[in-house]
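Values in this text are rule-based calculations from the coordinates and carry no lab data. Not measured: the values here are computed from a predicted model. Note that each Cβ is placed from the backbone with ideal geometry, even for glycine, and that neighbours are counted across all protein chains shown.
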Amino acid sequence: MKIRRYQSEDKIKPLINKVVEDIEPEHYSQEQQRHLEEVIPGMNLDFAEKDRYTYFVAVENRESVGVAGYQSETGTVSGIFVDPDRKGSGIGSSLMDKIEEDAQSEGLEEIETLASLEAVEFYKKNGYKVIEEKKHDIEGKDIGIKVMKKQL
């Protein structure tokens with residue numbers, strides 16, 4: 001597996017769609033789940049194309065198996081998505097390591113994420129601590145998240 005910077009020709013939207021569709025039903029209502037499926041893939045594709053965001057893609061056999069990004073000005077993780085068939089294989093942690101390394105090189109001393117309820121355990125395993133639990137407006141819908149931080 002190779003991790004590299006996102007390139008505009010990368011096909012990340014189908015991967016993000018697959019990941020969002022795989023969210024476990026106990027985390028969000030059906031209405032919230034449908035909303036996330038509608039907005040998250042396009043929103044992250046838009047972020048990946050903007051200069052103030054840095055996105056990385058995990059590639060294996062010329063296929064995108066993971067994608068993650070952060071807003072370089074604030075050190076806020078904007079998304080991390082790993083092919084559901086590859087969960088637990090270390091792709092997500094490798095992507096987080098790359099983000100943290102990049103953030104440190106940008107002079108950031110901490111990084112935070114607005115973690116989906118399903119991703120909280122992943123972030124905890126990677127050294128993040130829950131700071132706050134709240135509802136966050138995602139494109140017009142309040143969705144439960146946990147604000148998590150890590151010192152770099």
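Quick notes
- Applying the criteria of a DSSP loop state and at most 15 other Cβ atoms within 10 Å to the trypsin sites (Lys or Arg not before Pro) of the range 79-152 yields LYS87.
- Pair LEU108, GLU24: separation of 7 Å Cα→Cβ label points (nm): 2.7 nm
- Applying the criteria of a DSSP loop state and at most 13 other Cβ atoms within 10 Å to the GluC sites (Glu not before Pro) of the range 17-77 yields GLU26, GLU73.
- Contact order relative to length of the range 2-108, as percent, for alpha carbon pairs under 8 angstrom and 6 or more apart: 27 percent
- Comparing GLN30, ILE40, PHE81 along the charge dipole axis of the chain, the residue lying farthest to the positive side is PHE81, per the Cβ-charge model.
- Net charge of the neighbourhood of GLU106, taken over other residues with C-beta under 14 Å away and scored Lys/Arg +1, Asp/Glu -1, is -4.
- Cα-based equivalent ellipsoid, the chain: semi-axes from gyration tensor eigenvalues, Å: 21, 19, 15
- When PHE81, PHE56 are arranged by Cβ crowding within 10 Å, least crowded first, meaning fewest neighbours, the order is PHE56, PHE81.
- At R0 = 30 Å, FRET efficiency that the Cβ-Cβ distance of GLU101 and LYS13 yields, to 0.05: 0.70
- Part-to-part distance (alpha-carbon centres) for the range 133-148 and the range 81-118, which is given in Å: 19 Å
- Dipole magnitude of the chain about its Cα centre (Cβ charges: Lys, Arg +1; Asp, Glu -1), debye to nearest 20: 300 debye
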